[in-house]
Structures are given as C-alpha cells and as structure tokens.
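Here's the structure, in structure tokens; my notes come after.
The values are calculated or read from the model by the stated rules, or taken from the named source; none is laboratory data. Computed from a predicted model, the values in this text were never measured in an experiment. Don't worry about glycine lacking a Cβ; one is built from the backbone with ideal geometry, like all the others, and counts go over all protein chains shown. Ligands, DNA and RNA are excluded from the accessible area calculation, which covers all protein heavy atoms including side chains. Shrake-Rupley method; radii C 1.70, N 1.55, O 1.52, S 1.80 Å.
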Amino acid sequence: MKDQTRFLTSLVVLLAVSGAQAQQATSVPKLVVTVMIDQLRSDYLEAFSPLYYEDGFKRLMKEGRVFVDAQYPVADVDRAAATATLFTGTVPYDHGIVGQKWLDRNSLRPVYCVDDDQYEGVNTSDKSSPKNLGVSTIVDELKVATDGQAVVYSIAPFRDVAILAAGHSADCAFWLDDQTGNWAGSSYYGNMPLWASVYYDRHRLSQSVPKMTYEPVSEVVGSFNYFASGGLKKPFKHSFSKDHPYVDYKACALVNEEVTRMAEACLYTSTIGYDQVTDFLSVSYYAGNYNHESVNASPIEMQDTYVRLDACIRDLIQAVDKRIGLKNALFVLTSSGVTEENSVDLAKYRIPHGTFYINRTSSLLNMYFMAQFGAGQYVDAVFGNQIYLNHKLLEEKQLNIVDVMERAQEFLLQCSGVKDVYTSQRLTLGAWTPGISRIRNGYNPKCSGDIFIEVAPGWELKNEEMNTSSQIRASYAEFPVIFFGYEIEPKKEYTSTSVDVIAPTLAHYMRIRAPNACSTRPINDLRR
C-alpha cells in the first residue's frame, strides 16, 4: 500500500513538472519590437515589391500574420495622435493627444503635444515630457508588471513620436534634433545611457549631413516606373539647404538608415534582451515623400523611400535575430495612417472645388452673434477646422452655451464649402453613427474647440492669419498591421482591423495588463 502511495505521489510530481515545462515552452517574448512607419501605404508597399530584398518586407508578408486592411478609429488622425493611439490602445477622447498641436484655452496660443518647460533637453534646446498623455501606455504597464526591470527604449526621427512611444516610464526616448542633428532626449527620462552617448560621439550627423546628397540607392530604382504621371523621370540628386539641413534630412529616406544604425547600436551594445524579463524597443521610420513634395512632382523619390525602408527592415530583423533569435522576439509593424499630399489645381480638370476661409467665417459668425446677443467678442479663436467660443462672455451675458452652439451650427451650415458642422454637445451626447464616432474619438473636452467644421472634399481649408492651408480629401488609404517572429502563424487576414487592437494584443502575449484606458479585445490566436 505504501509503495502504491509513493508511486501515485511520484506520478503527480512528474505530471506537475511536465506541466511546468509545457508552460515554459510558451514563455513570454524576451523582446517586443514595434515599428511604426509614418505614412506607410499598402498600395506603395505592394507596388514596389519587385525592387525589394527577399528578407525585408517580402519576408514579413510571407512569414507574418498580415492584417491587410487596418485603420485608425479616429477621423483626420495625424502622426502624434496615431502614435498615442497605437501605444495606449485607445483614442484621443481618452488619451488626450488630439494632434501635434492644439490651442490652449487660457493663452489662446498653440501648444505642441510634448512641450514641457519643467524638463530640460539632452543635446537639444527643446524641453519635453509626456505630461499631456493622460493615460498609461503598453510600455508603462510593462514597467509596472516587471517592477521596473524591463528595459524600454524609443528611437524615432521625430520628437513627438519618440516621447509618445516611450510613454511615462521608458528608460529613454531618442530623436534627431532639428537644429543640430544630434540624437537628443529629455531630462524627464534622466541622462543618456552610456551606449547611446558612445554612439552619438562616434556618429555625429553635424559632420556628415551638410555634405550629403540624396540620390537613388541604385540604378534600378531610377528605371522602375509605377506612377501614372507618364514616362520615366530623370534620376534625382538633392542637396540639403544650408539654413535647415537636418529638417530636410528628416524629410527624406536617408533618415531611416540613421534610425536603423541607432537601433542596431541599442541591440548590440545596451542591456536590452539580455535576461528573461521582457524588454521593449520602439522604432519609427518615415515613408513620406522627399521634402513633403507631391508624388507627381517626385515619383522616383517615393520609390527610393520604400526600397531604402525595405533594406532597413531587413537590417533590423537580422540584428534582432543575431541578438536573441526571432523566436524570442515579437515584432509588430504598422503605419501612422497619415496621407500627406500637396494641393492640386482642381480647376484645371473642372473638379468641384473652392476655398473655405475659416478666419473670415469666424468673423462673420461673431457679427451674427452680435446681431443676436449684443456687442462682444463671442469667438475667442480658431485653430485648424475648430472654433473656440468665449465661455466667459457667454457666462457674463447669461447665455446658454448649448443654444449658442446650435445657432452657430445653423449659421455655418449655410456657408459654401461646409459639408457638416459638429458641436461639442453633439459629439458627446448625440446619436451614434460611424462618422460621428470617428470624429468624437478625435475630440477631447480639455483641448478641443466648441465647434468642428467638416469642409467638403476638394475644397481648401485656409487660415490667412496663421498662413495655413490644406486641401480636403476623404479618400480611403489602406495600410497593414503585421505581426512577425515569436512563432507567429503565417496568414493573411482580409477583415478590417483597428490599430487600437495592437496594445492589448501585445499585453496578452507579454502576460501583463492592457493600458488603463484600453477596452479593446486582444487578438489571441497569432501563434502556431
């Protein structure tokens, strides 16, 4: 009987050990790598595939879980709002980053999303922090879950992306300074780590960028033609301006190669990925056209951008594989969802068009209010397509703000070029429709205006006082979400996917909590 008992006890222990070993086989990734490519588009990604290496974009498309139809749940998303949405798993209504800039209601001056005078810059005069990001990010939750042991770095060409991807708790955020070309940071995250300082000392862009020229990476790029503008263009050769060479550098494909070199330095010389605690590396690239020109003006430059990006993706994958092995690393790649296009002369092609002057319209609205309610400055300011009302004056005149906004809506809907008008009341309490939901998601009560004007497609939104203009397009632009590495099952998914699913999905595979404002369900069937 005793022998039987011992046998059963041994069997139970053996089964428990086997179960523990089975659990270890599905351990968390040693490293999570996010790659956010500003302005990446699926049509361009596919169009230039004959020019790619086999182990860059082609490898991701072949070996990854590819969600071919991804979108942001926000109307008119920009680079900063997209980054915050990706890393928080929620929308500007919750996380507070409605764009790169918004209007401060007290000073009536534009606020840059990561400006913060409390924290000095490192290798830069810009003072920055993530203070305006009102909720936790996926990297914040990783830091909490690992009691601060996880190593987290964010590397990007742009300050807003670097800081918003780093969140509140990263070890450091790095970006290229517009004035000096230095790899810069913020004292919010402390001093630059030693590995980054060593790299910076040995690779100063101030010594190389002013002498650079930007030309096709190969003859094949110059001889390939995808765009409908007709015929091949001359191979390009650009020099950067003397006044702002680093701004020009950051608006061309060469910047991605420097970002990759910095990421490789991080992988090879920092402590990231060294132990069994999950670490996190955020990398951002630029896929816009050279110097923000239209594709019609510089099609070869756009082709060159994607070819160089492909090489950067290849090098990044190889560096991670060499460092820890791809089965130990979980990659996710996606786009900012932004499409940056210059204005086109629609009159030449008899396409309906016009110019909507928001500053003139706001003056007319103020005159209408004076006729209704008496003398006063009822409109405080305008910013983008938003109008800010003077709440103090409305209080003094004992006017109901909801009634005032409804009258403004009725007035503005009569203006040429206005497709629709949304008040803050309509966005927060109105009936739900897909269109209103996307606009509401991009609204935040603390920093958004009282009235949103939806300008008709084809019209130009212009503010003469701020010297800004943009041609309105509501065109659908497809981009992917790709999960790769970590024994992800290769598969193409054609159902529409929202980018806010990325943060909870990463949380699921790291076995940590999702960000604290994220209510989106994760994708939990990615692995073989």
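At-a-glance table
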read-out	value
Between 0 and 90°, nearest 10: helix 358-373 axis offset from the chain longest Cα axis	60
Sorted largest first, extent of the stretch 93-230 alpha carbons per principal axis (Å)	51, 39, 31
Computed Rg/Rh of the stretch 133-184, alpha carbon atoms with Kirkwood Rh	1.04
Helical mean residue ellipticity (222 nm; -39500 (n - 2.57) per DSSP H run of 4+; nearest 500) of the chain	-10500 deg cm²/dmol
In Å², nearest 10: area of Val98 left accessible to a 1.4 Å probe	30
Counted charge near Asp178, where neighbours are those whose Cβ lies closer than 11 Å (Asp, Glu -1; Lys, Arg +1)	-1
Trp102 long-range amide H proximity, modeled H, under 5 Å	Val111
Largest-first ordering by accessible area, 1.4 Å probe, given options Val74, Val28	Val28, Val74
Between helix 401-412 and the chain: long-axis angle, C-alpha atoms, 0 to 90°, nearest 10	70
Surface accessible to a 1.4 Å probe, per residue, for the residues of the stretch 390-456, Å²	53
Full-extension gain in nm, Tyr494 to Met370, via 0.36 nm per residue minus C-alpha separation	39.3 nm
For the stretch 472-528 versus the stretch 319-391, the gap between their alpha-carbon centres in whole angstrom	27
Alpha-carbon Debye profile of the stretch 247-296, log10 I(q)/I(0) at 0.22, 0.23 Å⁻¹	-0.80, -0.84
Principal-axis tilt of helix 2-25 within the chain, Cα atoms, nearest 10 degrees	40
Where only C-alpha atoms are counted, convex hull volume of the stretch 183-301 per residue in Å³	158
Per residue convex hull volume, Cα atoms of the chain, in Å³	191
Normalised alpha carbon radius of gyration of the stretch 365-404 [divisor 2.2 N^0.38 Å]	1.10
Relative pair counts by distance (%), Cα atoms of the stretch 33-125, 10 Å bins	12, 32, 29, 18, 8, 1
With every protein chain in place, the stretch 247-319: carbon and sulfur % of accessible area (1.4 Å)	49
Kirkwood Rh in Å, taken over all unlike Cα pairs in the stretch 404-444	10.9
³J(HN,Hα) computed for each position of the stretch 150-162 - Karplus, 6.51 cos²θ - 1.76 cosθ + 1.60, integer Hz, glycine/proline x	4, 8, 10, 10, 10, 10, 8, x, 10, 4, 4, 5, 4
Å² of accessible area per residue within the stretch 202-306, as computed with a 1.4 Å probe and no ligands counted	45
Residues of type aspartates and glutamates that Lys234 reaches as a straight line, Cα spacing below 17 Å, ignoring anything fewer than 8 places off in the same chain	Glu215, Glu219, Glu293, Glu301, Asp304
For the stretch 288-402: rounded, prolate or oblate by the Cα gyration tensor [a/c cutoff 1.5]	oblate
Per residue, in Å², the accessible surface of the stretch 460-528 once ligands and nucleic acids are set aside, probe 1.4 Å	55
Listed pairs Lys101/Lys392; Lys127/Lys446; Lys58/Lys211; Lys392/Lys462; Lys62/Lys143; Lys58/Lys462 exceeding 30 Å between Cα atoms	Lys58/Lys211; Lys62/Lys143; Lys58/Lys462
Volume per residue that the Cα convex hull of the stretch 394-499 spans, once the total is divided by residue count, Å³	190
Protein accessible area in the stretch 369-528, 1.4 Å probe - carbon and sulfur %	47
The stretch 157-239 pair-distance distribution - Cα-Cα, 5 Å bins, rounded %	3, 12, 16, 15, 12, 10, 12, 10, 6, 3, 0
